[in-house]
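Enquirer: Structure provided below as structure tokens; questions to follow.
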């Protein structure tokens, strides 16, 4: 376990890079950029729509204009707060398609519309919206259907009454532009998904390698003890001929047995017990060693015991929580508190690490950061424990470590 913790610590002065391209991050960027693109084109098209408003039937003409341009104004706000972006883009794309198909019914005076209906200028905007909001097959169909429908309308009197050649060229131009946008978004989305899959596999291999390394370190330690102590003792005992040599071999045998017992105490299968008061002393010493010490509260730890492997897991997870606070919460201005309690209503061991630092959104923690997932949660889960992590940007962080875990613990997980 100590080897795994060592591998998880960043090098001094190094930064923890965020995932440069992921599916979730791409969707956020695509939503914001395409919504901004739609807003710009909407502002350019709005005067033309107002100029053609008197040639549309009431109240449907003004209703369509309000629905389309209000949607173009609202979607960038939704993209910034990351709420309902795809649904809004998809719904507005459907409204635009219905507007094009019903345009002959909306036009009251075809001669007053002018050179082009205002919907022409927004075809590329809504094909981009469809590329973001819809599955690939549906977005592809939308990219063809909207320009073709516009081409038919363009040839009608309500669309300007141009010839089939000009209407076909307009439709073809819209299909090409929308297709380029669709291809770019589809390729970037596929690349981001491939990066996510590759990173997940790499992280799984890395986590497995960390565990294998920790196991190998323990095996090498035991092998060294066997080689240096046990075999040496056996050779000495075999060659002992005098009482002094036999006494020396006996002492060496006692020391070797002691070494083996110490090594055995560190393996997960060991079920010997350690007092919670001794574990608390180790944790408190670690807390006092930090440059910005924790205020410590210890209660009711004298009468409780726990297995050695559990004590090691609880100790490592607690230290990792304190290390995370020191690295990410802020400097000396942050207040930090450590509470260790035995026999609480929730568990035999109840440890809380609290800071008033900058906090974080756990959903935004990069997948390559293993401190929370491996060093705290998985480590405790392997020994039957449980960790709750409560944090929000600007509101500090609280890490609660409980052992043993129970159904009550799982129910209060935020």
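The values are calculated or read from the model by the stated rules, or taken from the named source; none is laboratory data. Since the model is a prediction, treat every value here as computed from it, not as a measurement. Counting neighbours? That spans all protein chains shown, and the Cβs are built from the backbone with ideal geometry, glycine included.
Enquirer: Is it the case that segment 287-297 has a residue that's part of a helix (DSSP H, G or I) and either modelled with pLDDT under 85 or in contact with a strand residue (DSSP E or B) (Cβ under 9 Å, 6 or more places away or on another chain) (or both)?
Expert: yes
Enquirer: Right, next: Quick one: residue 107 ticks every box in (1) out of contact with any strand residue (DSSP E or B) (no Cβ under 9 Å at 6 or more places or on another chain); (2) surrounded by 16 or more Cβ atoms within 10 Å (Cβ to Cβ) except a single one, so which number is it?
Expert: The single condition residue 107 does not satisfy is (1).
Enquirer: Looking only at residues in segment 56-75 that are under 34 Å from the mean Cα position of the chain (by Cα) and buried (at least 18 other Cβ atoms within 10 Å of the Cβ), which one is farthest from residue 152 (Cα to Cα)?
Expert: Looking at the filtered set, the residue picked out is 75.
Enquirer: Follow-up question, since we're still on this one. Looking at 359, 343, 331, which is the one that is surrounded by 17 or more Cβ atoms within 10 Å (Cβ to Cβ) and in the same structural domain as residue 280 (by TED's automatic domain parsing)?
Expert: None of the others qualify; the one that does is 359.
Enquirer: Select from segment 55-74 the residues that are under 22 Å from residue 39 (Cα atoms) and without any contact (Cβ under 8 Å) to a residue 40 or more places away in the chain and list them in ascending order.
Expert: If the condition is that a residue be under 22 Å from residue 39 (Cα atoms) and without any contact (Cβ under 8 Å) to a residue 40 or more places away in the chain, then 62, 63, 65, 66, 67, 69, 70, 71, 73, 74 are the ones that fit.
Enquirer: Say we look at segment 378-414 and pick out the residues that are under 21 Å from the mean Cα position of the chain (by Cα) and in a helix (DSSP H, G or I); which of these is modelled with the lowest pLDDT?
Expert: Taking the candidates together, the pick is 410.
Enquirer: Restricting to segment 162-188, count the residues that are loosely packed, with under 14 Cβ neighbours inside 10 Å and not in a helix (DSSP H, G or I).
Expert: Of the residues in segment 162-188, 1 are loosely packed, with under 14 Cβ neighbours inside 10 Å and not in a helix (DSSP H, G or I).
Enquirer: A further question follows. Would it be correct to say that residue 156 is in contact (Cβ under 8 Å) with a residue 12 or more places away in the chain and touching a strand residue (DSSP E or B) at 6+ places or on another chain (Cβ under 9 Å)?
Expert: Spelling it out, residue 156 is indeed in contact (Cβ under 8 Å) with a residue 12 or more places away in the chain and touching a strand residue (DSSP E or B) at 6+ places or on another chain (Cβ under 9 Å).
Enquirer: Among the listed residues 133, 128, which satisfies the condition of being under 26 Å from residue 189 (Cβ atoms), within 34 Å of the chain's Cα centre (by Cα) and either surrounded by fewer than 16 Cβ atoms within 10 Å (Cβ to Cβ) or in contact (Cβ under 8 Å) with a residue 60 or more places away in the chain (or both)?
Expert: None of the others qualify; the one that does is 128.
Enquirer: Now a separate question. Residue check: is residue 70 modelled with pLDDT under 80, assigned to a helix (DSSP H, G or I) and not assigned by TED's automatic domain parsing to the domain that holds residue 376?
Expert: The answer is no for residue 70.
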